[in-house]
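Colleague: Handing you this structure, nothing more for now.
The values are calculated or read from the model by the stated rules, or taken from the named source; none is laboratory data. All of these numbers come straight from a predicted model, not from anything done at the bench. No Cβ is skipped: glycine too gets one built from the backbone with ideal geometry, and neighbour counts run over all protein chains shown. Side chains are part of the model used for accessible areas, which takes the heavy atoms of the whole protein and leaves out ligands, DNA and RNA. Shrake-Rupley method; radii C 1.70, N 1.55, O 1.52, S 1.80 Å.
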Amino acid sequence: MEASSTSLKRLKFGKLKVVRRRLLQRYEHQPFISCLAGFYSCRWKRYQRERTEPGKCCCKMRECMFFPLLVGAFCLSLVFLYMSSGAKNDYNNFDWYTYINLGFWFLWSLVVLTVAVVSFMYIALLLVLAMCLLAEGQQLYLHWSHKMGTLLVLGLSISALFVISVLWGQIWQTVRLSFQITAPYLHIGAIAIMVLLSWPVALHAVRADKKVVRVIIVGPYLAILLFLFLIPLGMYSPCIREMGTLGPKPALIGHRGAPMLAPENTEMSFQKTIEHGGDGLETDVTISYDGIPFLMHDNSLKRTTNIQELYPNYSDKHAAFFSWDTLKELNAGMWFFKDKPFACMGSLSRADQDQAMNQSIYTLSSFLRLADTHNKLVIFDLYRPPLTHPYRNLWINRTLEVILKEVRIKPHLVLWLDNNFRSLVRSVAPEFQQTRGTKAPVEDLLMNKIDKLNLAYTEMSSEDIRKYAEVNITTNFYVINEPWLYSLAWCSGAHSVTTNSVHMLKNLSQPLFLMTPQQYNIMWILTDLTSVLLISLVFTLHWWRERTVSCCPQEDGSMLEGGTYNKFRTELSDIPTVVA
């Protein structure tokens, strides 16, 4: 009797351990699921949530209609973020544009980038929470506050993309160029996302009770996956090239000097370019009312001088209408520390700060002497004076007089860009490197004896660069500040670039993202094979788990809702009670 009682007790204890193990398996992820549902739905308590039953939809009809909006907001915010990041090269131009229209200086580019980052991170977090809930078999219910936030991000992304496209259409050319350099790595990222999505897709596909539903779930997923597998066949990047085919590093021409290290178009700015190994100097030339060519980019003096302090009534007056005696009194460096025109300005020593604070407007003659002394190329935009200016029709002659008579710089150092009276310039200075600012047929360039093209970086094309190089016409692209864009110009065969960041690009020893076709093929094939293996394992695992559950009725039932506790009581009641 005692042996029978002992065996029954052991049986009861063993069954208790089995049921306890099953309960722990059911409840072990509850804190994790509670956090997911709490952040996504604001449903922190277990009884507020519902599991997705096999064969049922992952959410109610209203949620099913809103979920595509969440996905759409994610995609558009991603495009907005990618575009904002790619446009970093032109942030200074954007800030300058807003200054012209608003009348005061502010780094609006950083505001745009911050909004793009915050919007994307918020929507990406919501989408990750949704995917995790789906992977855990939970029904989706997005809280109303998150729905409002999703609609806000969606509207903001659409509005931002529209406004930027209208005001700054060339941004899409920048995005196109960025794809050439980042596409191989974006491809790997997309494949990784598809591998992560395989878990919820496989779970709901295996649990679907109709073949049509399974096709609806799995079909689009496999179609996108197949597209990603094959897209490298049509992918092109100049930085995927055979070993030994990379051309020389493009020469660096300082755009208005080194404007990240010193006030633009000042002596200090050009000296900084020379110190950091720049190969040339770029500037803008305006002619004063009394015929002195000086360096100034803007039409007015208020952005880069203290004209508003000394002559507040003339701050909007065209710079060419001031005499040189007035211009040389102005300070051209104090604004640099006040406005901080670049988000990532280099740190300056105390001596450099003092020097920058005391910069004056620079004359063309001083600029040319500096370049000639250090054997640096020079290129400049020559602005024709406005109407009623005494040198309105003599600006070319006056500039040539300074170059050829007053300074006598080595002629081969001058990249002559102005297209006015080019035949005259060629006759008096045949050794100038004749430079054109627009593309043209090779025959026309040869007929006009053009030596160099000075083009916006958005016009960059390795095919055109190669075509021009075959007839000894070199190409310079402006303004290139970011390492990825400089790497693309290097891989494309550009001869030189105009840049604000000579000090950074000079340290680049080879292009970023450079690889051989063999290396890329290995990376592509390994990525595809690894993803196929992982996705197959995920689908197999879910199929095995669901089949095991369906074959074991004692595992059926939901947590608290489906009767695990009742099953526990039933199993205990099946054990006979032993009376001592």
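Colleague: Among L281, L295, L301, L327, which is more than 20 Å from R369 (Cβ to Cβ) and not hydroxyl-bearing (S, T, Y)? Show your work before the answer.
Modeller: On the way: L281 fails: more than 20 Å from R369 (Cβ to Cβ); L295 fails: more than 20 Å from R369 (Cβ to Cβ); L327 fails: more than 20 Å from R369 (Cβ to Cβ).
Just one listed residue meets the conditions, L301.
Colleague: Quick one: how many residues across segment 214-263 are open to solvent by 60 Å² or more (accessible area, probe 1.4 Å), free of Cβ contacts under 8 Å to residues at least 60 places away in the same chain and closer than 26 Å to N476 by Cα?
Modeller: Residues flagged as open to solvent by 60 Å² or more (accessible area, probe 1.4 Å), free of Cβ contacts under 8 Å to residues at least 60 places away in the same chain and closer than 26 Å to N476 by Cα within segment 214-263 amount to 4.
Colleague: While we're on this one: Could you grab me the full set of residues in segment 159-171 that are open to solvent by 50 Å² or more (accessible area, probe 1.4 Å) and under 21 Å from A73 (Cβ atoms)? I'd like the intermediate steps shown before the answer.
Modeller: Let us first name the residues in segment 159-171 that are open to solvent by 50 Å² or more (accessible area, probe 1.4 Å), namely 159, 162-163, 166-167, 170.
Scanning segment 159-171 gives S159, F162, V163.
Colleague: Quick one: what pairs do we get from segment 184-202, first residue touching a residue at least 12 places away in the same chain (Cβ under 8 Å), second open to solvent by less than 30 Å² (accessible area, probe 1.4 Å) and of a type in the set (S, T, N, Q), C-beta under 6 Å, 6+ apart or different chains?
Modeller: These pairs meet every condition: I188/T527; I191/T527; I191/S531; V195/S531.
Colleague: Which numbered condition trips up D90, out of (1) out of contact with any helix residue (DSSP H, G or I) (no Cβ under 6 Å at 6 or more places or on another chain); (2) open to solvent by 20 Å² or more (accessible area, probe 1.4 Å); (3) within 27 Å of P259 (Cβ to Cβ)?
Modeller: Result: D90 fails condition (2) only.
Colleague: Is there any pair linking a residue in segment 498-518 that is assigned to a loop (DSSP other than H, G, I, E, B) to one that is open to solvent by 80 Å² or more (accessible area, probe 1.4 Å), with Cβ under 9 Å and at least six apart or on different chains, and which?
Modeller: Filtered contacts from segment 498-518: S501/C344; F513/Y185; T516/E242; T516/M243.
Colleague: Can I ask one more? Would you point out the residue of segment 338-356, among those that are surrounded by fewer than 21 Cβ atoms within 10 Å (Cβ to Cβ) and closer than 16 Å to G257 by Cβ, that is modelled with the highest pLDDT?
Modeller: Taking segment 338-356 as the starting set, the residues that turn out to be surrounded by fewer than 21 Cβ atoms within 10 Å (Cβ to Cβ) are 338-340, 342-355.
Then drop every residue that is not closer than 16 Å to G257 by Cβ, which leaves 342, 345-346, 348, 352, 355.
Numbers: F342: 78, M345: 63, G346: 59, L348: 75, D352: 85, Q355: 91.
Applying the filter and picking the extreme gives Q355.
Colleague: Kindly indicate the residue of segment 77-127 that is in contact (Cβ under 8 Å) with a residue 40 or more places away in the chain and outside any helix (DSSP H, G or I) and also farthest from S487 (Cα to Cα) among those meeting that condition.
Modeller: Only one residue tops the list, namely W105.
Colleague: Taking segment 451-472 as the region of interest, how many residues are outside any helix (DSSP H, G or I) and surrounded by fewer than 19 Cβ atoms within 10 Å (Cβ to Cβ)?
Modeller: Here is the first cut: in segment 451-472, the ones outside any helix (DSSP H, G or I) are 451-456, 460-461, 470-472.
Narrowing further to those that are surrounded by fewer than 19 Cβ atoms within 10 Å (Cβ to Cβ): 451, 456, 461, 470-472.
Within segment 451-472, residues that are outside any helix (DSSP H, G or I) and surrounded by fewer than 19 Cβ atoms within 10 Å (Cβ to Cβ) number 6.
Colleague: Being crowded, with 21+ Cβ neighbours inside 10 Å and in a loop (DSSP other than H, G, I, E, B) is the filter; apply it to segment 266-291 and report the residue that is nearest to the chain's Cα centre (by Cα).
Modeller: G278
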